[in-house]
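The values are calculated or read from the model by the stated rules, or taken from the named source; none is laboratory data. Predicted model only: the values in this text are computed from it and were never measured. For neighbour counting, all protein chains shown are included, and Cβ atoms are generated from backbone atoms with ideal geometry for every residue, glycine included. Quick note on the areas: whole protein, heavy atoms, side chains included, nothing else; ligands and nucleic acids left out. Shrake-Rupley method; radii C 1.70, N 1.55, O 1.52, S 1.80 Å.
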Amino acid sequence: MNIKCLASSSFGNCYLIEFKSASILIEAGLSIKEIKSKLFTDCKRTLNDIDAVLITHDHKDHSKAVNDLKKLGKRVYGNKYVADAKYCLESLKMTCIAKDTFVFPFSVEHDAEDSLGFIIKSGDELLLFINDCKYIKYDLSNYNFDVIMIECNYSSKLIPILIDKANKENDKIMKFRYKRLLDSHMSSAACLKLLKSLNLSNCKAIFLMHLSDGHARELEFKEQFTKELNKRVYICQKYGGFK
């Protein structure tokens, strides 16, 4: 399994997953021009190499290029807000999306209706993908993932300090922003707790996605998660690539 991050932030999310049998684009939160450019310059690939596209929900930083991808003949899978009826995914129902490649979607808690997480099985490889999510109810403990890609949006240590500052200054804009952050995204503590609940015996790498500008501490996250999970941990960068 080969993973490329083309973008990862509230300004745009896009990831290329290359399995032995198929190449899948997950999220299309960039313009079609940017996706084409990044595929070519960063991955030496074109849209012709993409077998299917998966979208977690309809927020623009995840779905911006959906209509253009459809016009270009790409099969876009997701909920009813992003996918045509033929490619609409149903939570907890396995769907074949490419050669020897299946997706098992499950519901996640977010402030977009019918947001989904994905378990993707291609050949003998198993990937977990969770983005833009406060928490999940579906039990993942019986799976043995090869790779995990998961949101780690903000620092559990930093946000309480910033909220206290906003309250003291009665900064209504920041108070609203922090409320939405807490209500719709996954903290570093919640992310780590979820990962510790999983069977990581076969996990080769963990990719932390969608870190918030100004509210995340990427180097601290990487050091802590690597130490406590004893796994290779990568930070998906805002403009693509990993740290």
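Worth a mention:
- Residue within region 175-194 that is part of a loop (DSSP other than H, G, I, E, B), within 22 Å of Cys236 (Cβ to Cβ) and modelled with pLDDT of 90 or more present: yes
- If you go through region 209-227 and pick out every residue that is on the phi < 0 side of the Ramachandran plot, assigned to a loop (DSSP other than H, G, I, E, B) and of a type outside the set (Gly, Ala, Ser), you end up with 4.
- Within region 6-46, considering residues that are among the acidic types (Asp, Glu) and either in contact with a Pro (Cβ under 9 Å, 6 or more places away or on another chain) or not in a strand (DSSP E or B) (or both), the one nearest to Ser115 (Cα to Cα): Glu27
- Among strands (runs of 3 or more DSSP E) entirely within region 69-163, having at least 1 residues that are crowded, with 18+ Cβ neighbours inside 10 Å and small (Gly, Ala, Ser) singles out 95-98, 116-122.
- Condition check for Lys231: farther than 29 Å from Ser37 by Cβ, open to solvent by 80 Å² or more (accessible area, probe 1.4 Å) and not in a strand (DSSP E or B): no
- Every condition in (1) closer than 30 Å to Arg177 by Cα; (2) open to solvent by less than 10 Å² (accessible area, probe 1.4 Å) is met by Lys64 except one, and the failing one is (2).
- Residues located in region 199-211, provided they are of a type outside the set (Val, Ile, Thr) and surrounded by 19 or more Cβ atoms within 10 Å (Cβ to Cβ): Cys203, Phe207, Leu208, Met209, His210, Leu211
- Residues that are within 12 Å of the chain's Cα centre (by Cα) and at positive phi within region 10-44 comprise Gly12, Glu27, listed in sequence order.
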